[in-house]
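Q: Would you mind keeping the following structure in view while I ask a few things?
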Amino acid sequence: MSAPVVEVTDLHVSFPAVEAVRGVSLAVYPGECVAIVGESGSGKSVTARTLLGLTGEEATVTAGRLAIEGVDAASFSERQWRSIRGRRVGYVLQDALVSLDSLRPVGKEIAETLKLHRAVPRHEIPRKVIDLLTEVGVPEPEARARQYPHELSGGLRQRALIASAIACGPKLLIADEPTTALDVTVQAQILRLLAERKRAGQALLLISHDLAVVAKLADRILVMKDGVVVEDGTASQVLGAPEHPYTKALLAAIPEPSTRAPRAGEVVIRADGLVKTFGKRTAVDDVSFELRAGQTLGVVGESGSGKTTTARLVLGLLQPDRGSVEIDGLPWTGLSRERQRELRRHIQVIYQDPLSSFDPRFSVRRILDEALEVGGEPRKTRLKRAVELLEQVGLDDSVLERRPLKLSGGQRQRVAIARALAPRPRVIVCDEPVSALDVSIQAQVLDLLVGLQAELGVAYLFISHHLGVVHHVSDHVLVLKDGQVVESGAANQVLTAPSAAYTQELLAAVPRLDTNVSLARRAS
Amino acid sequence: MRVRAGFTLASVVLALITLAALAPGLLTGSTPDAADALAALQGPSADHWLGTDANGRDLFTRIVYGAAPSLLAGLGATALAVVVGTALGLLAALGGRAVDEIVMRLVEIVLSLPTLLLALLVITVTGPGTVNVIFAIALYTAPSYARLVRAQTMVIRKAGFVEAATSLGLSRGRIITRHVLPNAFEPLVVLATIEVGTALVAAASLSYLGLGPQPPAPEWGAMLSAGRDYFSVAWWIAIFPGVAITLTVLSITVVGRHLQRRIS
């Protein structure tokens with residue numbers, strides 16, 4: 001076997017307040033993909049940054065061995081690191097819009113790396129840039145090279161970023177959450193691109209919170225928690241026969257389709273022919289659906305498909321150009337603002353980012369108190385009800401006087417759910433309610449939503465770009481593309497045997513664990 | 001460390017001035033109008049710490065008693081400007097496009113006029129006195145508050161928590177008083193704290209020109225003005241009221257900046 005491109009043993013990285021990485025060892029060989037999986041704060045990104053000398057001045061790094069292409073890098077100076085970055089180790093970050101210079105065309109950005117490391121003679125740079133863009137699958141590379149990052153789609157931006165990372169032919173490519181910000185079909189394209197690089201002999205270190213993404217690519221998987229590697233093995237070992245409880249928990253947290261017995265309730269929301277245009281763009285184009293009490297209607301689609309506009313129309317925060325929404329058989333759109341306000345408590349909302357949906361000055365107690373006041377709860381019993389609500393969402397009264405800023409992401413979303421429940425609504429619109437959460441927290445919040453529905457009979461309009469999540473909670477599904485419904489029906493029907501080409505494409509793009517892995521998981 | 005010392009010193013000065021304004025009797029045993037012709041134009045001494053003026057009145061006592069009217073003009077003008085400015089800012093931000101245009105153009109007109117000239121104009125029309133000074137100063141300071149509140153409100157009304165409150169079913173009025181205003185207010189308080197100093201100097205300037213409280217009322221600007229004629233023989237009559245004004249404004253600014261850093 002050839003020598004590893006990067007090898008590190010017993011790596012410790014500590015910051016003044018916290019020891020972020022404790023005793024991590026790993027090696028990546030040419031043509032191999034090693035993945036580090038863990039939730040935020042697990043130390044996975046810090047580990048990756050150490051291999052680029054990017055831990056920052058505050059950090060103390062010690063390692064038994066830290067070698068890049070056989071050269072001891074443990075005592076590298078900042079200058080030596082700079083010669084490594086880009087040339088020996090390429091780095092791809094999550095958000096290409098932030099990582100690329102917004103004031104420079106992407107071609108210039110890629111050329112910069114080439115110039116810096118004198119990788120090719122100066123006069124060949126323009127041609128090399130085009131070659132690189134072609135290599136990462138950017139169509140019309142000459143035209144794209146002249147465009148600025150904001151003029152490109154998310155997928156093209158990510159490709160440009162990868163082109164820039166591989167410009168000088170580094171042996172190791174580190175990709176930190178390279179697809180997290182992308183839509184599922186684009187994600188699949190980027191994963192395919194990375195797989196091609198791997199086949200071409202590139203050593204790949206992939207950092208992700210998503211085991212399903214990693215499953216497609218990784219030969220070896222390290223699971224990290226609190227700075228320690230809790231499990232380390234080949235992909236089939238880790239995914240098929242996980243040993244550590246944390247790995248099992250992570251696997252179990254991947255939302256699985258649930259077979260739900262359809263429960264028939266009365267129609268609580270009826271949307272009929274909704275149309276909404278913004279200027280020349282039609283955001284929502286003839287969308288109709290029914291939502292029954294105690295049921296969940298999943299709305300899926302990629303960014304720009306009209307999901308959120310549909311939600312805002314249903315919430316009465318936007319007025320449709322045509323079409324109407326009825327709540328409980330009563331007209332809702334077209335009512336006067338005053339009349340609509342009286343009915344609002346019947347339809348509540350949970351946002352993707354709960355923090356921004358809370359007044360920063362308010363404590364949890366005031367947040368709930370306000371929602372209970374709207375629901376007509378008498379002042380005397382509000383505190384008691386607030387504590388009951390907190391218990392219902394799995395929190396206790398110790399959070400009452402805290403401000404949301406001091407709560408964890410999962411706790412915040414629980415408070416948001418408690419607030420939504422406070423006026424005893426008939427419907428809750430959930431707009432990407434778990435997209436900003438770590439996977440294990442995601443599973444807990446989804447379970448909580450499902451449990452509350454069984455208990456209270458509330459209906460959910462559940463909006464998400466994540467098909468697994470939607471499949472997990474929904475009875476019925478609506479697939480949106482460019483503002484139009486391309487497919488709708490029972491969740492199991494649509495998400496297992498889709499008839500529309502677009503739905504098939506969406507489903508095919510979803511990263512999945514192998515079937516044998518799923519079976520092993522069910523058996524355990 | 002130096003910052004901390006400055007802040008402590010400023011706080012002590014402000015505390016003393018506040019005490020002088022609220023309970024001058026605690027700091028001096030004398031009264032501001034007690035004239036003693038035999039003791040006229042005496043320099044600082046054990047009997048008269050800061051000397052006496054042309055009428056033999058004790059300067060220290062007059063400065064202590066002068067704290068209340070001097071502060072009143074600065075604070076009053078700022079308070080009035082904040083109230084009027086907030087109302088105008090809210091109106092501009094929430095009243096629709098036409099209202100916004102009208103209010104903001106008015107605000108810009110006022111801001112484009114030389115401030116002192118505007119104040120002189122107002123007092124020429126209304127006549128001298130503390131209340132009129134307050135009006136004159138508030139008139140030209142209110143526009144900057146209006147601008148700040150308008151900008152803040154426009155940002156906050158788009159905030160997630162305002163939409164959340166709307167979805168919850170809160171009325172527009174409730175949302176404004178409970179969520180928009182309190183959140184818009186924080187930077188306003190900081191601006192106001194610093195602007196109190198500016199208003200104070202403006203009020204003292206108007207008094208210096210004889211447009212504020214009339215003699216024999218002890219007011220720092222007016223006292224400074226009265227000391228002008230005796231400057232070559234009794235420098236203390238003009239200097240000490242001037243020092244009082246400077247110290248107050250300086251202390252307010254230091255404390256205000258400290259608040260600003262704490263909040264942002």
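Q: Mind checking which lysines have their C-alpha under 20 Å from A:K171, skipping anything on the same chain fewer than 8 residues away?
A: A:K115, A:K128, A:K198
Q: Is the shape of the range A:290-345 best called rounded, prolate or oblate, per the rule: a/c under 1.5 gives rounded, else a/b larger than b/c gives prolate, else oblate, with a ≥ b ≥ c the square roots of the Cα gyration tensor eigenvalues?
A: Oblate shape, in that a/c is at least 1.5 and b/c is the bigger or equal ratio.
Q: Could you check the simple spin-label distance between A:R424 and A:A454, using points 7 Å along Cα→Cβ, in nm with one decimal?
A: Each label point is offset 7 Å from its Cα along the Cβ direction, giving 2.3 nm.
Q: Taking the range A:209-257 as the region of interest, what is the percent of Cα-Cα pairs per 10 angstrom bin, listed from the shortest bin to the one with the maximum distance?
A: 27, 62, 11, 0
Q: Order of A:158-169, B:118-129 by packing, highest average Cβ count within 10 Å first?
A: Top of the packing list down: A:158-169, B:118-129.
Q: Please state the relative contact order of chain B as a whole percent: Cα pairs under 8 Å, 6+ residues apart?
A: Worked out over chain B, it gives 24 percent.
Q: Which length gain, in nm to one decimal place, applies between A:D10 and A:A195 when the Cα-Cα distance is subtracted from 0.36 nm times their residue separation?
A: So the extension gain works out to 63.7 nm.
Q: Count, for each residue of B:172-182, the Cβ atoms from other chains sitting within 10 Å of its Cβ, then give me the mean as a whole number.
A: On the way: counts 3, 0, 4, 1, 0, 0, 5, 5, 1, 0, 4.
Counting Cβ atoms of other protein chains within 10 Å of each residue's Cβ and averaging gives 2.
Q: Given that compact globular proteins tend to follow 2.2 N^0.38 Å, what is the ratio of the alpha-carbon Rg of the range A:182-230 to that value?
A: 1.25
Q: Ok, one more. Partner chain Cβ atoms within 10 Å, averaged over the residues of A:342-349 - can you pull that number for me?
A: Numbers: counts 2, 1, 5, 3, 1, 2, 4, 5.
Mean number of neighbouring Cβ atoms from other chains: 3.
Q: Quick one: if the Förster radius is 45 Å, what FRET efficiency do A:R118 and A:E243 give, using the C-beta to C-beta distance and rounding to 0.05?
A: With R0 = 45 Å, the Cβ-Cβ based efficiency is 0.40.
Q: Let me ask something additional. Would you mind checking A:K307/A:K481; A:K248/A:K406; A:K276/A:K307; A:K225/A:K248; A:K44/A:K406; A:K280/A:K481 for any pair whose Cα atoms are more than 19 angstrom apart?
A: Details: A:K307/A:K481 9 Å; A:K248/A:K406 29 Å; A:K276/A:K307 12 Å; A:K225/A:K248 13 Å; A:K44/A:K406 24 Å; A:K280/A:K481 17 Å.
Cα-Cα > 19 Å for A:K248/A:K406; A:K44/A:K406; rest within.
Q: Another question about this same structure. What are the extents of the Cα atoms of the range B:2-263 along their three principal axes, listed from largest to smallest and rounded to whole Å?
A: 76, 43, 28
Q: What distance in nm separates the simple spin-label points at A:A501 and A:E266, each placed 7 Å from Cα in the Cβ direction?
A: 4.4
Q: Another question about this same structure. Could you please report the charge total around B:A34, scoring K, R as +1 and D, E as -1 over all other residues with beta-carbon less than 11 angstrom from its beta-carbon?
A: Values: positive: B:R57, B:R62; negative: B:D33, B:D36, B:D58.
Net charge in that neighbourhood comes out at -1.
Q: Now for a separate question. When every alpha-carbon pair in the range B:117-226 is counted, what percent end up more than 23 Å apart?
A: Across the range B:117-226, Cα pairs with separations above 23 Å total 47 percent.
Q: Next question. Specify whether the C-alpha gyration tensor of the range A:278-414 places it in the rounded, prolate or oblate class, a ≥ b ≥ c being the square roots of the eigenvalues: rounded for a/c under 1.5, otherwise prolate if a/b is larger than b/c and oblate if not.
A: Here the range A:278-414 falls in the prolate category.
Q: Let me ask something additional. Stretch A:K384-A:L103 to full length: gain in nm at 0.36 nm per residue minus the Cα-Cα span?
A: That works out to 95.7 nm of additional length.
Q: Using 0.36 nm per residue, how much length does the chain from B:V155 to B:L121 gain when fully extended, once their Cα-Cα distance is taken away?
A: Answer, rounded to one decimal: 8.6 nm.
Q: A follow-up question, please. Once R0 is set to 60 Å, what does the formula 1/(1 + (r/R0)^6) return for the Cβ-Cβ distance between A:S303 and B:L209, expressed as a FRET efficiency to the nearest 0.05?
A: Plugging the Cβ-Cβ distance into 1/(1 + (r/R0)^6) gives 0.40.
Q: Got a sec? Which residues in the range A:32-56 would a label at A:D219 touch, if it sits 7 Å along Cα→Cβ and we count backbone N under 20 Å?
A: A:32-37, A:48
Q: Once each part is reduced to its C-alpha centroid, what is the distance from the range A:349-391 to the range A:151-166 in angstrom?
A: Answer, in whole Å: 43.
Q: Quote the Stokes-Einstein diffusion coefficient, in whole µm² s⁻¹, for the range A:89-169, based on the Kirkwood radius over alpha carbon pairs, a temperature of 25 °C and a viscosity of 0.890 mPa s.
A: The calculation lands on 202 µm²/s.
Q: Label B:E186 and B:R172 with points 7 Å out from Cα along Cα→Cβ: what is the distance between them in nm?
A: 2.7
Q: Something else about it: Give the lysines reachable from A:K380 as a straight Cα distance under 27 Å; neighbours fewer than 8 places away on the same chain don't count.
A: In chain and number order, there are no partners.
Q: Return the value, in Å² to the nearest 100, of accessible area buried between chains B and A (probe 1.4 Å, both sides summed).
A: On the way: alone 13840 and 23710 Å², together 35800 Å².
Approximately 1700 Å², summed over both chains.
Q: Whole percent per 5 Å bin, from 0 to the bin with the longest distance: what is P(r) over all C-alpha pairs of the range B:176-264?
A: Taking every Cα pair in the range B:176-264, the percentages come to 3, 14, 18, 16, 13, 11, 9, 7, 5, 2, 1, 0.
Q: Now a separate question. For the range B:24-155, what is the convex hull volume of its Cα atoms per residue in Å³?
A: Cα-based convex hull of the range B:24-155, divided per residue, equals 146 Å³.
Q: Shape of the range A:17-87 from its Cα gyration tensor (a ≥ b ≥ c, root eigenvalues): rounded if a/c is under 1.5, otherwise prolate when a/b > b/c, or oblate?
A: Details: a/c = 1.67, a/b = 1.11, b/c = 1.50.
It is oblate, given that a/c is not under 1.5 and a/b is not larger than b/c.
Q: Report, please, the projected area of the range A:267-523 averaged over directions, based on the convex hull of its C-alpha atoms, in nm².
A: In nm², the orientation-averaged hull projection of the range A:267-523 is 15.0.
Q: Taking the highest mean first, how do the peptides A:474-484, B:75-85 order by number of other beta carbon atoms within 10 angstrom per residue?
A: Top of the packing list down: A:474-484, B:75-85.
Q: So if R0 is 45 Å, what FRET efficiency would B:A87 and B:R4 give, r being the distance between their Cβ atoms, rounded to the nearest 0.05?
A: 0.75
Q: Return one whole number: the accessible area per residue of the protein assembly as shown in Å², for a 1.4 Å probe.
A: 45
Q: Grab the other residues whose beta carbon is less than 12 angstrom from that of A:E243, score K and R as +1, D and E as -1, and report the net.
A: Summing Lys/Arg as +1 and Asp/Glu as -1 gives -1.
Q: While we're looking at this one, here's another question. Quick one: Debye curve from the alpha-carbon atoms of the range A:29-133 only, equal weights, vacuum; give me log10 I(q)/I(0) at q = 0.18, 0.24 Å⁻¹ to two decimals.
A: Debye intensities relative to I(0), on a log10 scale: -1.13, -1.41.
Q: Add +1 for every Lys or Arg and -1 for every Asp or Glu among the other residues with Cβ under 10 Å from the Cβ of A:T185, and state the total. Walk me through the numbers on the way to the answer.
A: Numbers: positive: none; negative: A:D183, A:E302, A:E505.
Neighbourhood net charge equals -3.
Q: Taking the Cα of A:V228, stepping 7 Å toward and past its beta carbon, and measuring to each backbone N in the range A:35-68: which are under 17 Å?
A: Residues passing the 17 Å test: A:37-39, A:41-44.
Q: Can you tell me the mean projection area, over all orientations, of the convex hull of the range A:196-349's alpha carbons? Units nm², please.
A: With the hull built on Cα positions only, its mean projection is 14.9 nm².
Q: Just to be sure I understand the curve: with the Debye formula and one point per C-alpha of the range B:207-254, what is log10 I(q)/I(0) at q = 0.25, 0.29 Å⁻¹?
A: So the normalised log intensities are -0.88, -1.01.
Q: Something else about it: Per-residue Cβ counts within 10 Å, from other chains only, averaged over A:353-360: what number is that?
A: Averaged over the peptide's residues, the number is 5.
Q: Using only C-alpha atoms and all pairs of different ones, pull out the Kirkwood radius for chain A in Å with one decimal.
A: 25.1
The values are calculated or read from the model by the stated rules, or taken from the named source; none is laboratory data. The model shown is predicted, which means the values in this text are computed figures rather than measured ones. For neighbour counting, all protein chains shown are included, and Cβ atoms are generated from backbone atoms with ideal geometry for every residue, glycine included. The area values use the complete protein model at the heavy-atom level, side chains included, leaving out ligands, DNA and RNA. Shrake-Rupley method; radii C 1.70, N 1.55, O 1.52, S 1.80 Å.
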